[in-house]
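No lab work stands behind these numbers, since they all come straight from the coordinates. None of these values were measured; they are calculated from a predicted model. Positions of Cβ are generated from backbone atoms using ideal geometry, with glycine treated the same way; all protein chains shown enter the neighbour counts.
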Amino acid sequence: MSIYHTLTPEQFDAIGQELDAIRNREIADLGEKDEKYIRTLIKRQRQLEVAGRGLLMAGFLPPAWLAGVACLSASKILDNMEIGHNVMHGQYDWMGDKNINSRNFDWDNTCTNTAWKHTHNFEHHTFTNVLDKDHDIGYGILRMSDDQEWEPRFVLNPILAVILSTFFQHFVAVQSLKLEDYLIYKTKTKEELKAEFKPTWKKMRKQLFKDYLLFPALAGPFFPFVFAGNVTANLARNLWSSQVIFNGHFPEEVEQFPESVLEDESRGHWYVRQMLGSANFEGGRLMHIMSGNLSFQIEHHLFPDIPAHRYARISPEVKAICEKYGLPYNTGSFMKQSVSVWKRIFKMSLPGKRGGKGKGLMAKVIPLKSESGSTSRQAA
Amino acid sequence: MNATTQTPRRFQQGLQRLLQSRVAGVLSYPHGVDRYLEVLNPLWSTTEVRARVEKIEHLTADSVTVTLQPNTNWQGFIPGQFVQLTVSIDGKRHTRCYSPANSLHRTDGRIELTAKAHANGFVSRYLREQLQEGEVVTLSPAGGEFALPEQRPERVLLISGGSGITPVMSMLRTLCDEGYDGEITFLHYANRAEDMIYADELADIATRHNNVTLLRAFGEGESGGELSGLFCSEHLCSSVPDFAQATTFLCGPPPMMAAVEKVWEEEGLSDRLHKEQFTLATPQLDTSDEAGGEVRFARSETLVANNGSNLLEQAEAAGLTPESGCRMGICYSCTCKKTAGKVRDLRTGEISSGDEEDIQLCVSVPVGTVTLDI
Ligand code: FES
């Protein structure tokens, strides 16, 4: 049985209070060092991007091409992960800078700011690992949980996962459209889909035009080199970011939840669900930065709006809280977590329940409620 | 203009046009050209006025005078107008209004701002104590109705109190630089002679220009002034008997402004009085009247009495449909701009400043009257 059922309401409250205390302390401490950190990072990203695009112009020379691809891939990864993802979480809104702000920031990615904030900030972070509510469970393409009804198309789970990773930015861009509702479940009409797709298509067009037409054209006769370089950089970013994100929620021990847990969920319950539904991976400082500190996925899910560079410092405290209450703190090497994720992807391609340790939880849940701090909310 | 100054300017204009072009926009999509320019030099921007701090001086014990060199986006100002200065203090941006005190005809194109550091003036204290030469700040274009008319008036009376001296100082310096030959009276109120900003320069101007009369009024019992005590109509009758013929420009603390306005009103001269409200930082609100005041939704022109619940609920109750998601402060869908007033963060209990800033509606409760940009 999941620990979610054995904790007492008092324990949930206590966990809530301990984590709230960490949050308040960090919020009160926000200041110049956070500003410096994000500004420096943005500066590095812009430098890498200019260098990468510049080098690719000389892409007919193999070393320049390789260096160009490396710089541009790093630029896109930084832009999307440690900068874009975190800025759009509102981690730096308090600075009052209109350019580093969840409302205005736009990233080097085909997904729009608005769509991202809806599917990611709202749906995924509020309903983390709640089946039918958190679209990140399989992105409407994959079967990632025992309790997702098996359908014949899921035989292709591993292949679909490779496709999803390869074109990750585009899948993320259209994620808010819930394409499966139109293609498979027929609950959405073509007109609705078209209207919803409009703003996304606008953004996609611009991104594709820039990467695959304008910059290559600037290189004149060397068009193919720049084109190939940009394809490779986008691919590198897609593969890397999708793996980082998969590692955060799909290693085998990570739990998933039925919708009923949401009813009158207290702050403490919410926190515990975030911890049970996330997993970290270990690495050096560079690894953390390149993964947007999603290597601290657990901390990120507890405190999505605290500047991510702070997670490393908070993590021992979170770990200690987990230990104190007997909660798992799921972590391991990048390799270990990736292997675990892919195991799950393969297992889920076959019908029936085949393990995933969260399954105890999906049985009938009687939510344990506590009086204090309960938050009501409605799905949009 | 000779060729040597023309060429760089042409070049600069050409570059500016290139950087603002569509191609540049697409190449730098989605961040925009400015985000790359500022990496090279924080002063560079195709649209924003940014300025480097060239000099910091302290003319009196509690004031600071900052000289700024703006970038080419600065369009100039009319003496009397103000600019909004934005500085970053401990990572957070703060914006305040200041009136440039320099002459319009200053040849080096620099802007001079002077602030008095009040005990609770957060930004002015920062300017005085922490701002460093070489730092880059952001400015708004100049604005405001309080301005020296293009057609210079025949007779000018400038009345100021405390740090309200800056806009009228700009007027005086400009008129003197222009060789203006009408009569100017400069009437200034300060607590003590030591507190008077620009004291030396004013004395110097008055001796060099026959048409300028300097009248200093210091607090009761203080020496060094031509007048003493607070503003009263006797000051005018004794020292500026022809005030009714003058075009008057007034800037100072609210009580002083009120006293002057009253005299002009009684004389039926209100249309000859130009004034700039100069207010001290609003005092800290007592949290006991949190549920009071009203919530103003500026863009939708809706106004409701503050009922003490979170702003998302209040907005929805008022029939508005602001974007929202989690309703618990994590998704930032409901973020919107608060243009005035204070709010309490439901999670930390902290009360915000009264500045313009982004807030999350679902976790913010108004403390008194709040204005939102929705
Ligand atoms: S609705 Fe999600 S932060 Fe306010």
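Note on the range A:132-211 and the range B:295-322: Cα centroid distance 36 Å, given to the nearest whole angstrom.
Here the range A:208-289 is described by how far its Cα atoms reach on the three principal axes: 62, 31, 21 Å, from widest to narrowest. Highest mean packing first, where packing is the average number of other Cβ atoms within 10 Å per residue, the peptides A:99-112, A:15-28 line up as A:99-112, A:15-28.
Normalised by residue count, the range B:48-139 yields a Cα convex hull volume of 96 Å³ per residue.
Here the label points at B:ASP204 and B:ILE351, each 7 Å from Cα along the C-beta direction, are separated by 4.5 nm in the simple model.
The ranking of A:TRP116, A:TRP342, B:TRP264 from fewest to most other beta carbons within 10 Å of each one's beta carbon is A:TRP342, B:TRP264, A:TRP116.
Using Cα-only point scatterers and the Debye equation, what is log10 of I(q)/I(0) for chain A at each q in 0.10, 0.14 Å⁻¹, rounded to two decimals? The calculated log intensity ratios at q = 0.10, 0.14 Å⁻¹ are -0.66, -1.30. Annotation: average projected area of the protein assembly as shown is 39.1 square nanometres, based on the convex hull of Cα atoms across all directions. Averaged over peptide B:332-338, the number of partner chain Cβ atoms lying within 10 Å of each residue's Cβ comes to 5.
Per-residue shielding of B:82-92, expressed as the average number of other chain Cβ atoms within 10 Å of the residue Cβ, stands at 4. Dipole check for the range B:155-277: with +1 at the C-beta of Lys and Arg, -1 at the C-beta of Asp and Glu, and the Cα centre as origin, the magnitude is about 100 Debye. In percent, rounded to a whole number, the relative contact order of the range A:45-151 is 14, using alpha-carbon pairs under 8 Å and six or more apart. Using only the alpha-carbon atoms, how far is helix B:199-208 inclined from the longest principal axis of chain B? Give it as 0 to 90 degrees, nearest 10. Roughly 40 degrees, rounded to the nearest 10. Translational diffusion coefficient of the range B:294-372 at 4 °C, 1.567 mPa s, Stokes-Einstein with Kirkwood Rh over Cα pairs, in µm²/s as a whole number. The diffusion coefficient I find is 107 µm²/s. Between the range A:23-37 and the range B:53-103, the C-alpha centres lie 27 angstrom from each other. Applying 1/(1 + (r/R0)^6) with R0 = 25 Å to the Cβ-Cβ distance of A:GLU323 and A:TRP150 gives a FRET efficiency near 0.10. Add +1 for every Lys or Arg and -1 for every Asp or Glu among the other residues with Cβ under 12 Å from the Cβ of B:GLY224, and state the total. Net local charge, B:GLY224 excluded: -2. Note on B:353-362: average number of Cβ atoms from other chains within 10 Å of each residue's Cβ is 2.
Taking a sphere under 12 Å around the Cβ of B:ALA318 and counting the other residues whose Cβ falls inside, with K and R at +1 and D and E at -1, yields a net charge of -3. Each label point was placed 7 Å from the Cα along the Cα-to-Cβ direction; for A:LYS43 and B:SER270 their separation is 5.4 nm. Near A:PHE209, within a Cβ-to-Cβ distance under 14 Å, what is the net charge of the other residues, with Lys and Arg +1 and Asp and Glu -1? Here the count lands on +4. For the cross-link pairs A:LYS203/B:LYS338; A:LYS36/A:LYS117; A:LYS117/A:LYS203; A:LYS43/A:LYS210; A:LYS319/B:LYS337; A:LYS206/B:LYS92, the ones whose C-alpha atoms lie over 27 Å apart are A:LYS203/B:LYS338; A:LYS319/B:LYS337; A:LYS206/B:LYS92. The angle between the Cα long axis of helix B:3-19 and the longest principal axis of the Cα atoms of chain B comes to about 20 degrees, rounded to the nearest 10.
Where the alpha-carbon atoms of the range A:132-226 are placed on the principal axes, they occupy 53, 31, 20 Å, in descending order.
Listed by chain and number, the lysines placed with their C-alpha closer than 20 angstrom to that of A:LYS347 are A:LYS336, A:LYS357, A:LYS359; residues fewer than eight positions away on the same chain are left out. Applying 1/(1 + (r/R0)^6) with r as the Cβ-Cβ distance of B:THR7 and A:LEU286 and R0 = 45 angstrom yields a FRET efficiency of 0.45. Across every pair of non-identical alpha carbons in chain B, the mean reciprocal distance, once inverted, gives a Kirkwood radius of 23.5 Å. The modelled label-to-label distance for the pair A:VAL231/B:ASP242, using points 7 Å beyond Cα in the direction of Cβ, is 8.5 nm. For the range A:70-145, the alpha carbon convex hull comes to 107 Å³ per residue, rounded to a whole number. Between the beta carbons of A:MET335 and A:LYS190, assuming R0 = 41 Å, the FRET efficiency works out to 0.40 to the nearest 0.05. Size of the range B:288-336: Rg and Dmax of its alpha carbons, in Å, are 11.3, 30.
Here, the range A:220-361 has an Rg and a Dmax of 17.9, 64 Å when only alpha carbons are counted.
Shown here for the range A:160-221: chymotrypsin sites (Phe, Trp or Tyr not before Pro) in loop regions (DSSP other than H, G, I, E, B) with at most 13 other Cβ atoms within 10 Å, namely A:TYR185. Membrane-span-like helices in chain A (whole DSSP H runs, Cα extent of at least 15 Å along the helix axis, mean Kyte-Doolittle hydropathy of at least 0.0): A:62-78, A:223-249.
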